Every structure is written in structure tokens, then in C-alpha cells.
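Student: Okay, handing you the structure first.
The values are calculated or read from the model by the stated rules, or taken from the named source; none is laboratory data. Everything quoted here is computed from the prediction, not taken from an experiment. No Cβ is skipped: glycine too gets one built from the backbone with ideal geometry, and neighbour counts run over all protein chains shown.
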Amino acid sequence: MLTFGKRHTEACVARRKEKDPSCYEYDAYARCRCTYHVSGTLGGQFIRKSLKTADAEHAARKVRQMEDEGTPALPDNRVTISEAVEKFLADVKTLNRSAATIGKYIHDLEKHFLPWCDSKGYTVLLQVARVDVIREYRATWKCASVTMSKKQDRIVTFFGFCERNGWIQRNPITGRNLGKIKAVAKPTDYFKPDEMKRILAACDLYHGDRWSNDPTAGKRLRALTLLMRWTGLRIGDASALQRSRLIKTDRGGDAIFLHTQKTGTHVYCPIPPSVAEELRNVPPGLQPNPEYFFWSGNGLIKSAVADWQRSYTRLFKLAEIKKRAHPHMFRDTAAVEWLLSGIPLEKVSILLGHSSVRITEKHYKPWVTALQHQLEDEVIKSWNVA
């Protein structure tokens with residue numbers, strides 16, 4: 001049985017009439033604009049909500065419609081946090097997201113969020129669908145601001161999924177309610193020429209590690225390093241590069257096929273003859289595969305990349321690189337050197353395979369010499385003003 005009536009605001013004359021019966025002001029303003037609210041039991045659940053109308057007839061029609069449907073528009077209090085996370089991750093996997101993206105959702109929700117909820121005693125979804133709870137959870141994050149911003153976006157996406165499924169009536173977990181995290185991105189760093197020389201020299205000192213006993217590991221690591229430095233390939237793409245992508249150009253030079261643009265145009269990156277020679281003569285490794293330069297073709301490429309990253313950690317120590325170094329900096333080195341040599345930003349964006357030149361500008365804008373020259377010209381022009 002449902003009943004409905006008005007809930008008057010503090011400023012309403014009807015509220016003043018309730019507090020002071022001698023107040024006759026209400027008689028002159030009988031048509032109050034306060035909204036109607038409904039309360040009662042429907043479908044075995046108690047509900048109390050606003051009908052969002054000040055018209056009595058409209059409110060009555062809404063109540064009759066709710067009684068005819070027999071089910072209230074309320075969230076399901078029985079949905080647990082673990083069930084919601086499980087269904088969300090299953091849905092993400094059907095959206096053709098990359099393995100890396102799916103892995104980040106699993107890491108944030110299954111490995112961090114669920115254990116935190118268990119430690120706090122939260123089991124039902126409605127218990128955590130509150131801004132104050134998520135802010136408390138966010139306070140436990142110990143990572144860089146860019147990573148925190150991405151983690152918050154994934155949490156907001158999760159609760160948006162819960163709202164669309166009707167598990168929570170209104171989603172308070174939005175970027176606006178939580179507040180925007182100011183992501184301070186560090187400027188792109190790269191290897192200077194002297195650092196590259198030390199890294200390549202250290203390859204001759206590298207003789208494998210405890211993960212592998214490959215006597216040719218140093219030569220393979222040197223060839224992979226040169227490939228990333230001169231093509232700008234990511235370590236994942238470079239590790240799985242097929243031998244067929246090393247070609248001879250019409251001019252007789254060597255080039256690496258990078259990718260195909262949306263327009264169907266193939267993009268090739270010329271490489272020095274010495275680099276091409278090292279690639280053609282790269283040792284096969286412990287599990288050779290004639291189709292690839294550096295990959296055996298077995299298992300996931302992610303596992304192979306992890307092995308190379310561990311090797312680079314030791315290589316950077318051998319080269320005595322003092323700053324924080326990682327393999328992606330070879331890609332940054334290629335991009336920065338292209339820009340410093342005068343290649344336009346738009347063409348560098350094509351070589352890097354970015355979907356938009358804005359991405360290239362975001363990461364490499366400080367290195368665009370054209371902008372530096374333009375700044376110098378503007379300063380020189382200001383000398384004549386006076």
C-alpha cells in the first residue's frame with residue numbers, strides 16, 4: 001500500500017502554519033509548490049522517494065502506475081561487491097578492450113578494491129556507493145598523480161556500470177563529486193648520445209642473467225636496442241618484429257615497416273645500414289624461430305617483454321646510467337632526435353603511429369625546434385618596439 005503527500009520546505013508557508021497554527025498566511029497561498037513524496041511497501045520492499053511534481057493529479061497517476069507495475073524503482077540491496085566486480089570484469093572482456101586495459105581493471109578492482117572492502121567489513125555494493133567511502137579508499141593509494149587519475153577514472157567507470165544495471169539508484173561516484181586529480185606529467189626524458197654509447201658498450205659486457213643462460217644475450221640485446229633507437233618502436237612491437245618487415249627500399253636502402261595508417265598508407269622507417277646488418281645477423285637465441293628476430297613465438301608476448309625488461313634493468317646498471325631508465329626511453333630518444341634534426345612534428349607523429357598529432361605534441365613539445373626558433377624570432381621582433 002502506497003501513500004503520498006507533500007513534504008514542505010522550511011521556507012514554505014505551510015511549514016510555518018504547522019509550527020504556528022495562528023499563522024493565516026497559508027490561506028492566501030494555498031497552492032503550495034512543494035513536491036509530493038510517496039512512501040509505503042511495494043513488492044516486499046519499503047520505499048520513500050520524491051515524485052518530483054507539485055500537482056496532486058500527476059502525483060496520483062504516478063502512484064497508480066507504480067502500484068500497477070508492482071515493482072519499485074529501487075536498487076537491489078542484495079548485490080554484493082564481489083558479484084558486481086565479477087560481472088563488470090566479464091562485461092569489460094566483451095568490449096574488445098586490450099589485454100593491458102583488462103589487466104588494469106583486474107589489478108585495481110580484484111587485487112586492491114575487494115581486499116580493502118573486506119578489511120573494512122563492506123560486503124554489499126550500497127555500502128561503498130558513497131563519496132566519503134571512496135575518498136577514504138583513494139587516500140590509501142600510494143602512486144604518482146598520473147596513475148591516481150587513471151585509477152579514479154576506472155573506479156568511476158565501475159560505479160557507472162553498477163548504476164546502469166540498477167544496482168544503485170543514483171551514482172554519487174563521479175569525477176566531479178570526487179574532485180579532479182591534478183596529474184603532473186614528468187617531461188619526456190631520453191638518452192643523450194654519450195649515454196647511448198655507454199649502453200651499447202655495456203651490451204658487450206652482458207652475458208645473460210639468472211633468468212637465461214644464453215651466451216649470445218649481449219648481441220641480441222644490442223640489436224634490439226638499436227632497433228628501438230632508430231625506429232621508435234615500443235618494446236612489445238620490437239620484441240615481436242617479424243623478419244619480413246625488414247625490407248629494401250626502391251632506392252636500395254634498408255627500412256622497417258612500422259604500421260599502416262587509417263588511409264591505407266604504409267609507413268616505413270629507414271635505418272642505417274649497420275643496424276640492418278646487425279638485425280640480419282642477430283643470433284637466434286635459445287629457442288629460435290625463423291619468423292621473428294627476438295621472439296620464439298611460444299607463449300604470450302607479454303612474458304617475453306617482461307624478460308627483456310629484466311635484462312635492461314641489469315644492462316642499465318652495467319652502463320652506469322644514474323637516472324631512472326627504462327626501455328621506452330629508446331622510443332623517446334628516436335622521437336626527440338627526429339625533432340631536434342628538424343623533422344616536422346606531424347611527420348614524427350606518423351612515424352610513432354600516434355592517432356593524433358596532439359598526442360605527439362603533448363609528450364614532445366619541449367623538443368620542437370621550430371617552436372624554439374619561433375620564440376627567438378618573437379623576442380627579436382620585440383627589440384624594435386619602442
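Student: Does the range 269-282 contain at least one residue that is more than 22 Å from GLU337 (Cβ to Cβ), at pLDDT 90 or above and surrounded by 15 or more Cβ atoms within 10 Å (Cβ to Cβ)?
Tutor: Taking every residue of the range 269-282 in turn, at least one turns out to be more than 22 Å from GLU337 (Cβ to Cβ), at pLDDT 90 or above and surrounded by 15 or more Cβ atoms within 10 Å (Cβ to Cβ).
Student: Something else: Of all the residues that make up the range 123-161, how many are over 15 Å from ASN171 (Cα atoms) and of a type in the set (Asp, Glu)?
Tutor: Summing the residues that are over 15 Å from ASN171 (Cα atoms) and of a type in the set (Asp, Glu) in the range 123-161 gives 1.
Student: Moving to a separate point now. Mind listing whichever residues of the range 257-308 are part of a strand (DSSP E or B), under 30 Å from the mean Cα position of the chain (by Cα) and of a type in the set (Val, Ile, Thr)?
Tutor: Hits for the range 257-308 are THR260, VAL267.
Student: Looking at ARG222, ARG245, ARG229, can you tell me which residue is within 22 Å of LEU340 (Cα to Cα), of a type in the set (Lys, Arg) and in contact (Cβ under 8 Å) with a residue 12 or more places away in the chain? Give the steps one after another, and end with the answer.
Tutor: Working: ARG222 fails: within 22 Å of LEU340 (Cα to Cα); ARG245 fails: within 22 Å of LEU340 (Cα to Cα).
After applying the criteria, what remains is ARG229.
Student: Of the residues GLY297, GLY285, which single one is in contact with an Asp or Glu (Cβ under 8 Å, 6 or more places away or on another chain), surrounded by fewer than 15 Cβ atoms within 10 Å (Cβ to Cβ) and within 30 Å of THR249 (Cβ to Cβ)?
Tutor: On the way: GLY285 fails: surrounded by fewer than 15 Cβ atoms within 10 Å (Cβ to Cβ).
Just one listed residue meets the conditions, GLY297.
Student: Counting only residues that are of a type in the set (Gly, Ala, Ser) and at pLDDT below 90, which one in the range 130-150 is nearest to GLY179 (Cα to Cα)?
Tutor: SER145
Student: Here's another thing I want to ask about it. Name the single residue that is nearest to GLU136 (Cα to Cα) among those in the range 92-119 being surrounded by 12 or more Cβ atoms within 10 Å (Cβ to Cβ) and in contact (Cβ under 8 Å) with a residue 40 or more places away in the chain.
Tutor: The qualifying residue nearest to GLU136 (Cα to Cα) is PHE113.
Student: Assess whether ILE173 counts as being touching a residue at least 40 places away in the same chain (Cβ under 8 Å) and not in a helix (DSSP H, G or I). Talk me through it step by step, then tell me what you get.
Tutor: Working: touching a residue at least 40 places away in the same chain (Cβ under 8 Å): yes; not in a helix (DSSP H, G or I): yes.
So ILE173 fits the description; yes.
Student: Right, another one. Filter the range 35-50 down to residues that are at pLDDT below 85 and not in a strand (DSSP E or B) and give me whichever is farthest from ASP68 (Cα to Cα).
Tutor: Step by step, filter the range 35-50, then rank; the result is GLY44.
Student: Identify the residue in the range 313-328 that is in contact with a Phe, Trp or Tyr (Cβ under 9 Å, 6 or more places away or on another chain) and in a helix (DSSP H, G or I) and, among all such residues, is surrounded by the most Cβ atoms within 10 Å (Cβ to Cβ).
Tutor: LEU315
Student: What number of residues within the range 268-297 are touching a strand residue (DSSP E or B) at 6+ places or on another chain (Cβ under 7 Å) and aliphatic (A, V, I, L, M)?
Tutor: 4
Student: Further, regarding this structure: I'm trying to understand the selection: among the residues of the range 119-137, which are within 24 Å of the chain's Cα centre (by Cα) and among the aromatic types (Phe, Trp, Tyr)?
Tutor: Within the range 119-137, just TYR137 meets the criteria.
Student: Under 8 Å by Cβ, and 6 or more places apart or on different chains, what pairs join a residue from the range 248-268 that is touching a residue at least 12 places away in the same chain (Cβ under 8 Å) with one that is β-branched (Val, Ile, Thr) and assigned to a loop (DSSP other than H, G, I, E, B)?
Tutor: Here the result reads ALA255/THR249; TYR268/THR249, each pair linking the range 248-268 to a residue that is β-branched (Val, Ile, Thr) and assigned to a loop (DSSP other than H, G, I, E, B).
This table checks each residue for (1) among the acidic types (Asp, Glu); (2) closer than 30 Å to TYR312 by Cα; (3) within 19 Å of the chain's Cα centre (by Cα); (4) buried (at least 16 other Cβ atoms within 10 Å of the Cβ).
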site	(1), (2), (3), (4)
LYS142	no, yes, yes, no
SER145	no, yes, yes, no
ASP153	yes, no, yes, no
VAL156	no, no, yes, yes
GLY160	no, no, yes, no
LYS186	no, yes, yes, no
LYS197	no, yes, no, no
LEU205	no, yes, no, no
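Student: I've got another one for you. Quick check, is LEU339 among the hydrophobic types (A, V, I, L, M, F, W, C) and touching a helix residue (DSSP H, G or I) at 6+ places or on another chain (Cβ under 6 Å)?
Tutor: So LEU339 fits the description; yes.
Student: Does LYS302 qualify as being modelled with pLDDT of 90 or more, in the same structural domain as ALA238 (by TED's automatic domain parsing) and closer than 22 Å to SER239 by Cα? Lay out the reasoning, then the answer.
Tutor: Working: modelled with pLDDT of 90 or more: no; in the same structural domain as ALA238 (by TED's automatic domain parsing): yes; closer than 22 Å to SER239 by Cα: yes.
No.
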